[in-house]
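A short worksheet on the structure shown next.
The values are calculated or read from the model by the stated rules, or taken from the named source; none is laboratory data. Quantities reported herein were computed from a predicted structural model and do not represent experimental measurements. Every residue, glycine among them, receives a Cβ derived from its backbone with ideal geometry; neighbour counts consider all protein chains shown. All accessible areas refer to the heavy atoms of the entire protein, side chains included, with ligands and DNA or RNA removed. Shrake-Rupley method; radii C 1.70, N 1.55, O 1.52, S 1.80 Å.
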Amino acid sequence: MKEYIKGLDKNRIKLILEVIIIVFTLIVTLVVLTKGFKNGLNPTKKDNEIVLTKEQKKVDLIIENFNQRIEEAKAGAEVSFITCNESINCKNISTFNIREVNITDSKEDGTEIYKIVYEWNCLDEGICFENTPETKEGDVFVGSNFYEVDGKGNITKNLGSEYKEGNNG
């Protein structure tokens, strides 16, 4: 009888091991299939990257150009579309951030007009950028102007805050 029980225990152990192997194989197969299925529904990370529109790329170039010119003005360089003088000390710009860039018009010569909304604050109590901000939010000034922009995203001219669409000149 002991031999029968030993044989039964061996068979049970063998059966349990087979079941464990089968369950493990099923789990691995399920994981592999699920992962493959998810990749089919959700493409790879590369496929998920946002494809920038031509307009968004230009907006990014405008922001990059403006920020670069602000840094130049802070360093004391003259920038054609940023007013710095005795009463507006651009060297005292502490922070500068562009909030919004929107195309508003296209001119006959191919340049485009963008309204750029920005915020800034100064290192001191003086005026360091734009002598007439639209609002002040805490210690940050907010303003906007219209700018002429060439096809490469370079700002070429400050048109002020009163630009009217259709002034194709």
> How about region 124-157: which of its residues are of a type in the set (Lys, Arg) and not in a strand (DSSP E or B)?
Replying inline: Lys152
> So which residues in region 1-34 are at pLDDT below 70 and open to solvent by 80 Å² or more (accessible area, probe 1.4 Å), if there are any at all?
Replying inline: Met1, Lys2, Glu3, Tyr4, Ile5, Lys6
>> Taking the condition of being over 19 Å from Val149 (Cβ atoms) and acidic (Asp, Glu), how many residues in region 72-89 meet it?
In response: 2
>> Here is a check on your reading of the model: is Glu119 among the charged types (D, E, K, R) and over 16 Å from Asn67 (Cα atoms)?
In response: no
> What residue, among those in region 63-107 that are among the hydroxyl-bearing types (Ser, Thr, Tyr) and not in a strand (DSSP E or B), is surrounded by the most Cβ atoms within 10 Å (Cβ to Cβ)?
Replying inline: Thr83
> In the list Glu112, Glu130, Glu148, Glu119, which residue meets the criterion of being at positive phi, among the acidic types (Asp, Glu) and surrounded by 13 or more Cβ atoms within 10 Å (Cβ to Cβ)?
Replying inline: Glu130
